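Every read-out reported here was derived from the displayed coordinates using simple, explicitly stated rules and does not represent laboratory data. Nothing here was measured: the structure is a model prediction, and the numbers come from that model. Neighbour counts are summed over all protein chains in view; Cβ atoms, including those assigned to glycine, are modelled from backbone coordinates with ideal geometry.
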Amino acid sequence: MQLLPVTDLDTTLVERVRGGDKSAFEDLMLRYEDKVYRLAIGMMKNREDALDAVQDAFLNVYRKIDTFRGESAFSTWLYKIALNSVYMKLRSRSRHEQTESLDDLEHILDPARVRIQMPIRGWSERADDRLLRKELAQVLREAVAALPEEYRIIFTLREVEELSNQEVADILGLSLAATKTRLHRARLFLRQSLSRYLQGNVA
């Protein structure tokens, strides 16, 4: 049996949802709910708020499915809706005191996966050390949480969701050059944060 390309499968599912097929919408959710959650938790750093944003995002997708014209990939359209849900939740949260937990970022931030060139000699040899990796992950979570919002969202889409620079640009409505510039600045900030830690811990 030949598998459909991702875009063709998404299009097929969207058309089925438009036709009233609720199981097709469940299939779309299964395909993308983890990705949307990673985006939300990467921005919000709070599991409960992230789950609320994911729920709102998919509710809006269901309500607005007839407005999807196919001019971009379904995933791009979905991420835009998800980002709007996240921003609305963040604005609401700013009016109420909330507890943020960096531990909620633990499962999506692995120093071994993040593409940040490190200048510290000897760090790669110790990167497999379990304790060092745990400490690095904590430093990385703190550094990502400290990123300005415009850099944190690009870092999350590019490094966590592993989207291309062009896909990130399309989702955020930025030029490709602006996307690359912000990503470079985000990586530089994180590199500096990890460097300070490694300079004091790598012999």
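Numbers for the structure displayed
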| read-out | value |
| --- | --- |
| Derived scalar couplings ³J(HN,Hα) [region 69-74; Karplus, 6.51 cos²θ - 1.76 cosθ + 1.60; whole Hz; x for Gly, Pro] | 9, x, 6, 10, 5, 4 |
| Within region 145-185, GluC sites (Glu not before Pro) in DSSP loop having at most 11 other beta-carbon neighbours inside 10 Å | Glu162 |
| Cleavage-rule hits, GluC sites (Glu not before Pro), region 1-82, DSSP coil, Cβ neighbours within 10 Å at most 12 | Glu71 |
| Distance violations [Cα-Cα > 19 Å] among Lys64/Lys180; Lys45/Lys89; Lys89/Lys134 | Lys64/Lys180; Lys89/Lys134 |
